[in-house]
1. Of everything in the range 381-426, what is of a type in the set (Ser, Thr, Tyr) and crowded, with 17+ Cβ neighbours inside 10 Å? Give them in sequence order.
2. Starting from residues that are open to solvent by less than 10 Å² (accessible area, probe 1.4 Å) and over 13 Å from the mean Cα position of the chain (by Cα), keep the ones in the range 136-152 and report whichever is farthest from ARG377 (Cα to Cα).
3. How many of the residues making up the range 178-215 are within 27 Å of ILE104 (Cα to Cα), surrounded by fewer than 21 Cβ atoms within 10 Å (Cβ to Cβ) and of a type in the set (A, V, I, L, M, F, W, C)?
4. Just to be sure before I move on: is SER24 modelled with pLDDT of 80 or more, of a type in the set (S, T, N, Q), within 23 Å of the chain's Cα centre (by Cα) and open to solvent by less than 50 Å² (accessible area, probe 1.4 Å) in the structure I sent?
5. Residues in the range 69-80: is at least one part of a loop (DSSP other than H, G, I, E, B) and either modelled with pLDDT under 75 or of a type outside the set (Val, Ile, Thr) (or both)?
6. For PHE145, state whether it is out of contact with any Asp or Glu (no Cβ under 9 Å at 6 or more places or on another chain), aromatic (Phe, Trp, Tyr) and closer than 26 Å to HIS222 by Cα.
7. Is one or more of the residues making up the range 278-299 exposed (fewer than 13 other Cβ atoms within 10 Å of the Cβ), among the aliphatic types (A, V, I, L, M) and either modelled with pLDDT under 85 or over 23 Å from PRO15 (Cα atoms) (or both)?
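The values are calculated or read from the model by the stated rules, or taken from the named source; none is laboratory data. Keep in mind it's a predicted model, so treat the numbers as computed, not measured. Every residue, glycine as well, gets a Cβ built from its backbone with ideal geometry; the counts of neighbours run over all protein chains shown. Just so you know, the surface numbers come from the protein's heavy atoms only, side chains and all, with ligands and any DNA or RNA stripped out. Shrake-Rupley method; radii C 1.70, N 1.55, O 1.52, S 1.80 Å.
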Amino acid sequence: MLAILYGLSLLQRPPVFWGSIVISAVLAILFGAGCLRLIPALSSMLLGEEPHLKREGDRTFRRCGTRELFKLFLIVLLVRLLEFPLTYIIHYALFGYTGTFFEIQRLWLDFYNAETAFPLYGYLSNIFWIFTVNFNHARFIGSYFFTALAVVALYYLVQQDFDRRIARRAVRYFLLMPFALTLMGTVPDGLFLLFSVLTLLFLRKKIFPLANLFAFLAVLTHALGVLLFFPVLFSYLSFLIGNIRSNREMGKGYVLRQILNTLSILLIPLGVGLVMLYSKLRFGDAMLLYGAALGRTGVQLGALTEWTDTAFPLLRTVGGHATAILFGTYAAQLIYLFFAVWMLFCASRSIPTAYALLMAVTIPMIVLTGHVSDAARVVTMTAPFCITLAVRVKNRWIDTVITVLLAAGWIAYFFAFIAGYTGGVL
């Protein structure tokens, strides 16, 4: 099926450059291989026989306490604060004096667009208006606060299945991922990451009403929230089938709980309906928000090759702004795409299958909706990609090399963003 779809994409929008065919073909092959590796794990999951993930390296197995999580929360806030002086220093080095310290920080306040933003982020972040008396600043403080909470939730989630060493590594990798620096801006990404991680956490704990509640909130925050329906559904089916196969006693209370669990799944389509109602009441078009997020023309099979075709002419321009845009925009997005399909290939039996399934449905959403330029943003917002990298890296020296590379990429992308070389993708 994937081969047929790829052939149709070449017919629908014939590529101009051979390089576009090579890039798209390699991505399709890696994605197909990742899906093939995932199918046996999905089958085992639905049969209630998903392999137990052994916790390795944790010396004490002590519970993750509030003090530990609060300490991490403060560390993340402090690390993010360092971006303020760094922003001013780099901007001053590139352009000289163009404004005061606080005026330069407006770079982080220009991301929010009320006409394409889903409702929940705006309403929740506006609560901080009480402290700032300015809605732009309130959204900034909200993003700052939500991102720190999301990192804490990510740490706690990874620590449930693995040890603290891997959990710390996952947090470090996430904070050093180049595009994660944009979570300082007025974007809903940090809030969505928080809700999606909490959804996965309560799926892991088999508390389905809470998992579906946070999935519902994620749907109200970003278009990606709809994709949480797949891990939620498969996790619940696996839970039911596992109970049946183990001949678990199913009394009256059990049946009532499962009715509640089943009905709670409807929260996700309810969230979709509420977003459409909000769009209809505010803009007069029920599909405006989803149209802006996913592309009004629907599935675009040739979107990837068309996007790469626009990059190759820039290779003929030696030096200057065009070359900077090429590396700051196109190269960055493609690196994230290749990283995503490689992590999907590595995910099978390394992380819980529900997490890998979320990765598998996210990659086609990036490519087929014509929003390849948002690949870095989407991959950053999807926690299982970062978790897979943290789990797969076991050698200390490889960990050091990856940390150095991520830090170098983060610094380079910071320069590119402030210099305007990211092409407005942010």
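1. So the first thing to find is which residues in the range 381-426 are of a type in the set (Ser, Thr, Tyr), and the list is 382, 388, 400, 403, 413, 421-422.
The answer is THR382, THR388, TYR413, TYR421, THR422.
2. Initial filter on the range 136-152 (open to solvent by less than 10 Å² (accessible area, probe 1.4 Å)): 138, 142-143, 147-148, 150-151.
Narrowing the set further to residues that are over 13 Å from the mean Cα position of the chain (by Cα) leaves 138, 142-143, 148.
Numbers: ALA138: 22, GLY142: 18, SER143: 15, ALA148: 17 Å.
Among those that are open to solvent by less than 10 Å² (accessible area, probe 1.4 Å) and over 13 Å from the mean Cα position of the chain (by Cα), it is ALA138.
3. Matching residues across the range 178-215 total 0.
4. On the way: modelled with pLDDT of 80 or more: yes; of a type in the set (S, T, N, Q): yes; within 23 Å of the chain's Cα centre (by Cα): yes; open to solvent by less than 50 Å² (accessible area, probe 1.4 Å): yes.
It is true that SER24 is modelled with pLDDT of 80 or more, of a type in the set (S, T, N, Q), within 23 Å of the chain's Cα centre (by Cα) and open to solvent by less than 50 Å² (accessible area, probe 1.4 Å).
5. Step one: of the range 69-80, the residues part of a loop (DSSP other than H, G, I, E, B) are none.
The answer is no; no qualifying residue exists.
6. Values: out of contact with any Asp or Glu (no Cβ under 9 Å at 6 or more places or on another chain): yes; aromatic (Phe, Trp, Tyr): yes; closer than 26 Å to HIS222 by Cα: yes.
When the stated conditions are applied, PHE145 passes them.
7. Yes, that holds for at least one residue.
Let's see how each residue does on (1) of a type in the set (A, V, I, L, M); (2) touching a helix residue (DSSP H, G or I) at 6+ places or on another chain (Cβ under 8 Å); (3) in a helix (DSSP H, G or I):
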position: LEU194; (1), (2), (3): yes, yes, yes
position: THR199; (1), (2), (3): no, yes, yes
position: PHE202; (1), (2), (3): no, yes, yes
position: PRO209; (1), (2), (3): no, yes, yes
position: ASN261; (1), (2), (3): no, yes, yes
position: SER279; (1), (2), (3): no, yes, yes
position: ARG282; (1), (2), (3): no, no, yes
